[in-house]
Amino acid sequence: MPSYDAVVIGTGQSGPALARRLVAAGRKVAIIERKLFGGTCVNTGCTPTKTLVASAYAAHIVRRASDYGVTVAGTPNVDMKAVKARKDSIVAASRNGVERSLKTLEGCTVYEGHGRFVAEKKVAVNGSELAADQIFINVGARAVIPPIAGLDRVPYLTNSSMMDIDFLPAHLVILGGSYIGLEFAQMYRRFGSEVTVIELGPHLIPREDEDVAEAVADFLKDERIDVRVDSKVVEVEKQGNAIAVKVESAGKSSQVIGTHVLVAIGRRPNTDDLGLERAGIATDARGYIQVDDQLRTNVPGVWAMGDCNGRGAFTHTSWNDFEIVAANLLDNDRRRLSDRITAYALYTDPPLGRAGMTEAEVRKAGKPALISTLAMENVSRARERGETKGFMKVLVDRDSKQILGASFLGLAGDEVIHCVLDVMYAKAPYTVMQRAMHIHPTVSEFIPTMIGDLKPLQ
Ligand SMILES: Cc1cc2nc3c(=O)[nH]c(=O)nc-3n(C[C@H](O)[C@H](O)[C@H](O)COP(=O)(O)OP(=O)(O)OC[C@H]3O[C@@H](n4cnc5c(N)ncnc54)[C@H](O)[C@@H]3O)c2cc1C
């Protein structure tokens, strides 16, 4: 039986980085990947979607060229085969980079197959059993397929199968109006598809504040995306070449006839076929591996990192998990999960950058707080760029003066949010930002102004 100091299952965002650190520390390491090196982010998540978002943005700007005084002859055409080829080449470069770096890493053995626990410290792969004192699980997550009547009889798409599309769906119906669904919605609308988004909750992106969700819905509707909230998909049926999606909303039934259906209603961890029960590793009711503040499972010597532990669902949270595990194991640095501040982005155009608490969370916590908002129409850089949709909002603790959270929906919101995030990590009072001199003309230059206009949260 091959024996290692450490076995890593999965090559997502934390596994490969940890393997490199362990090898550098002189450990004998094995890493197991059952499908595509680099996992979700590289192959079916962040990288391909942001590449496609960039193509969609280019199409949008070409259509708007006359707003900038630029004349384009004829109607712009989106060549979906070329769009996919661009996406594929960027994805392949990243995937091959991860694969090459692991396969050439001295001290690390790569196994290509499905890894499964057969005992507490034993993992089977391709008929071999690997023993190790330390095992790191980085198996990620996949799309939830809900038990909707008829869904199993239609050729539905997920974020993974969307990656194979090299044609324009005439009418894409998206089940789920949250982060993944909305990125695909705007991108395919800009490529030229009709798009309908069906969301069960009372507003889009249910975890966000209502005013943020309303503003997102408004700009999607401006692009003639059919947005339906408070709507439950009850049945899906093939009708010739089309797919009928039956919807119930406020007691009324209706149907949307599309050509393609994308299921984007959530994610579930890849822990159902991992033999966790053979190792006695505890999960919650949804299958997420339970971890403590240092990412340790209930079994000593076994850690879970990334989406499969349910403590984050982003590339940066998975990477941060790696940093926490490596710091504690190798650097005698007691970093903790609880040190982390919520931060993420929604990559619509304009994007939403988020840090810390939402306004709804602040209200629920009953904290005495101050709030300031600023419409992007007031930001000169946004006006100069002709991209004035959205608004910025920041909340601070009235007593400690520390920033509680921010939502920046607007031009460069995904970048500008880091101004706030770093001050939050520094635990500095907002007054530090108020006195900072920012560069003109940028979106960020308005943050000191906005912070200077805080009012009590009513
Ligand atoms: C459409 C979409 C867009 C996204 N966009 C963003 C974004 O813009 N920004 C962002 O931060 N996040 C984004 N995410 C989320 C992000 O992709 C994930 O959070 C990130 O990839 C972290 O994943 P991970 O490290 O947990 O594992 P993953 O990247 O999911 O990798 C897990 C790996 O483990 C392998 N594996 C699973 N089970 C086994 C097994 N039993 N044996 C061997 N190998 C196994 C899998 O094949 C996979 O390669 C997006 C996700 C989706 C779906």
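The values are calculated or read from the model by the stated rules, or taken from the named source; none is laboratory data. These numbers come from a predicted model, not from an experiment. Neighbour counts run over all protein chains shown; Cβ positions are idealised from the backbone, glycine included. Remember, those area values only see protein heavy atoms, side chains included, never the ligands or the DNA or RNA. Shrake-Rupley method; radii C 1.70, N 1.55, O 1.52, S 1.80 Å.
Give the residues of region 252-276 that are in contact (Cβ under 8 Å) with a residue 60 or more places away in the chain, loosely packed, with under 15 Cβ neighbours inside 10 Å and over 27 Å from the mean Cα position of the chain (by Cα), sorted by residue number.
Within region 252-276, ILE257 is the sole residue that qualifies.
Considering region 295-310 alone, what residues qualify as being within 17 Å of GLY39 (Cβ to Cβ) and open to solvent by 10 Å² or more (accessible area, probe 1.4 Å)?
Correct list: TRP303, ASP307, GLY310.
Exactly one condition in (1) open to solvent by less than 60 Å² (accessible area, probe 1.4 Å); (2) among the charged types (D, E, K, R); (3) over 28 Å from the mean Cα position of the chain (by Cα) is false for ASP292; which is it?
With (1) open to solvent by less than 60 Å² (accessible area, probe 1.4 Å); (2) among the charged types (D, E, K, R); (3) over 28 Å from the mean Cα position of the chain (by Cα) applied to ASP292, the lone miss is (3).
Under 7 Å by Cβ, and 6 or more places apart or on different chains, what pairs join a residue from region 122-139 that is touching a residue at least 40 places away in the same chain (Cβ under 8 Å) and over 15 Å from VAL110 (Cα atoms) with one that is away from the ligand (no atom under 14 Å from the Cβ) and of a type in the set (Lys, Arg)?
Here the result reads ASP133/LYS121, each pair linking region 122-139 to a residue that is away from the ligand (no atom under 14 Å from the Cβ) and of a type in the set (Lys, Arg).
Show the residue pairs that are 6+ apart or on different chains and have beta-carbon atoms under 6 Å apart, the first residue being within region 176-203 and assigned to a loop (DSSP other than H, G, I, E, B), the second being of a type in the set (Asp, Glu) and away from the ligand (no atom under 16 Å from the Cβ).
Here the result reads GLY177/GLU199; PRO202/ASP230; HIS203/GLU210, each pair linking region 176-203 to a residue that is of a type in the set (Asp, Glu) and away from the ligand (no atom under 16 Å from the Cβ).
Could you count how many residues in region 203-232 are of a type outside the set (D, E, K, R) and open to solvent by 20 Å² or more (accessible area, probe 1.4 Å)?
Qualifying residue count, region 203-232: 5.
If you go through region 143-156, how many residues are within 16 Å of the ligand (Cβ to nearest atom) and either at pLDDT below 95 or in contact with an Asp or Glu (Cβ under 9 Å, 6 or more places away or on another chain) (or both)?
Of the residues in that region, 1 qualify.
Tally time: how many residues in region 152-175 are part of a helix (DSSP H, G or I) and touching a Gly at 6+ places or on another chain (Cβ under 9 Å)?
In the first step, residues of region 152-175 are kept if they are part of a helix (DSSP H, G or I); the result is 152-153, 161-164.
If we keep only those that are touching a Gly at 6+ places or on another chain (Cβ under 9 Å) as well, we get none.
Residues in region 152-175 being part of a helix (DSSP H, G or I) and touching a Gly at 6+ places or on another chain (Cβ under 9 Å): 0 in total.
Under 17 Å from LYS367 (Cα atoms), surrounded by 19 or more Cβ atoms within 10 Å (Cβ to Cβ), in contact (Cβ under 8 Å) with a residue 40 or more places away in the chain and touching a Leu at 6+ places or on another chain (Cβ under 6 Å) - does that describe any residue in region 436-451?
We begin by selecting, within region 436-451, every residue under 17 Å from LYS367 (Cα atoms); these are none.
No, there is no match, as no residue in region 436-451 is under 17 Å from LYS367 (Cα atoms), surrounded by 19 or more Cβ atoms within 10 Å (Cβ to Cβ), in contact (Cβ under 8 Å) with a residue 40 or more places away in the chain and touching a Leu at 6+ places or on another chain (Cβ under 6 Å).
In region 6-33, which residue that is more than 19 Å from GLY97 (Cβ to Cβ) and open to solvent by 50 Å² or more (accessible area, probe 1.4 Å) is farthest from the ligand (Cβ to nearest atom)?
GLY26
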